[in-house]
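Participant: Mind having a look at this structure? Questions to follow.
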Amino acid sequence: MKQAIGLLALILAALALVRAALGGEAALVLAAGAVALMALMIAGTFLWLYFERTTPLALGMAFSWLGWGLFAGWGWAASLAGAPVWGGLAAGSLAVLGFCIVGAVLHFSVIHRSFGWHGASFLWPVALALALSGLVALPL
């Protein structure tokens, strides 16, 4: 629990720095895109776990993460198309996305350990999602 709270504090601080550097809307678009991509990866993993019959909770988790991924992805796509970024509530939305990022990181960590792997290589999906979101959403 302490690690999760520490991770949340770190992510919220990082999001605040990104907001200060890029502005609220750009930070929200970056974070929402990354969360959408991570949520869809996690949904796919839970769907695979369901088909492997590893846990009866996997299908529910797949639907849950798919729903959040599609919700965040819809808002991300709308903002990329020029729609207002969720009513201009960038600061509050970033805090919510901070919780989602922590959940995604914890999921990737558990998935990583379930394969018997150790170390920080579970962070590659997080880095990939942030990079893809940045490439698509942020001007060069």
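The values are calculated or read from the model by the stated rules, or taken from the named source; none is laboratory data. Since we're looking at a predicted model, the values are computed, not measured. Ideal geometry is used to build each Cβ from the backbone, glycine not excepted, and the neighbour counts take in all protein chains shown. In case anyone asks, the SASA skips ligands and DNA or RNA and just uses the protein heavy atoms, side chains included. Shrake-Rupley method; radii C 1.70, N 1.55, O 1.52, S 1.80 Å.
Participant: So, in the range 42-59, exactly how many residues are among the hydrophobic types (A, V, I, L, M, F, W, C) and open to solvent by less than 40 Å² (accessible area, probe 1.4 Å)?
Facilitator: So the answer is 5.
Participant: A further question on this structure: Please go through (1) without any contact (Cβ under 8 Å) to a residue 60 or more places away in the chain; (2) at negative phi for residue 27 and return the number of the only condition it doesn't satisfy.
Facilitator: Of (1) without any contact (Cβ under 8 Å) to a residue 60 or more places away in the chain; (2) at negative phi, only one is false for residue 27: (1).
Participant: Considering each of 62, 39, 72, 32 in turn, give the residue that is more than 20 Å from residue 134 (Cα to Cα) and crowded, with 20+ Cβ neighbours inside 10 Å.
Facilitator: Of the residues listed, the single one that is more than 20 Å from residue 134 (Cα to Cα) and crowded, with 20+ Cβ neighbours inside 10 Å is 62.
Participant: Given the conditions (1) farther than 25 Å from residue 3 by Cβ; (2) in contact (Cβ under 8 Å) with a residue 40 or more places away in the chain, and given that residue 98 satisfies all but one, which numbered condition is not satisfied?
Facilitator: Residue 98 satisfies all of (1) farther than 25 Å from residue 3 by Cβ; (2) in contact (Cβ under 8 Å) with a residue 40 or more places away in the chain except (1).
Participant: Is it the case that residue 48 is touching a residue at least 24 places away in the same chain (Cβ under 8 Å) and closer than 19 Å to residue 106 by Cα?
Facilitator: No, not satisfied.
Participant: In addition: Considering each residue of the range 102-127, count those that are within 15 Å of the chain's Cα centre (by Cα), open to solvent by 70 Å² or more (accessible area, probe 1.4 Å) and farther than 21 Å from residue 1 by Cα, and give that number.
Facilitator: The total comes to 1.
Participant: I've got another one for you. Across the range 118-133, what is the number of residues that are on the phi < 0 side of the Ramachandran plot and in a loop (DSSP other than H, G, I, E, B)?
Facilitator: Residues flagged as on the phi < 0 side of the Ramachandran plot and in a loop (DSSP other than H, G, I, E, B) within the range 118-133 amount to 2.
Participant: Shifting gears a bit: I'd like the full set of residues that are in contact with a helix residue (DSSP H, G or I) (Cβ under 7 Å, 6 or more places away or on another chain) and open to solvent by 30 Å² or more (accessible area, probe 1.4 Å), limited to the range 1-10.
Facilitator: Scanning the range 1-10 gives a single hit, 7.
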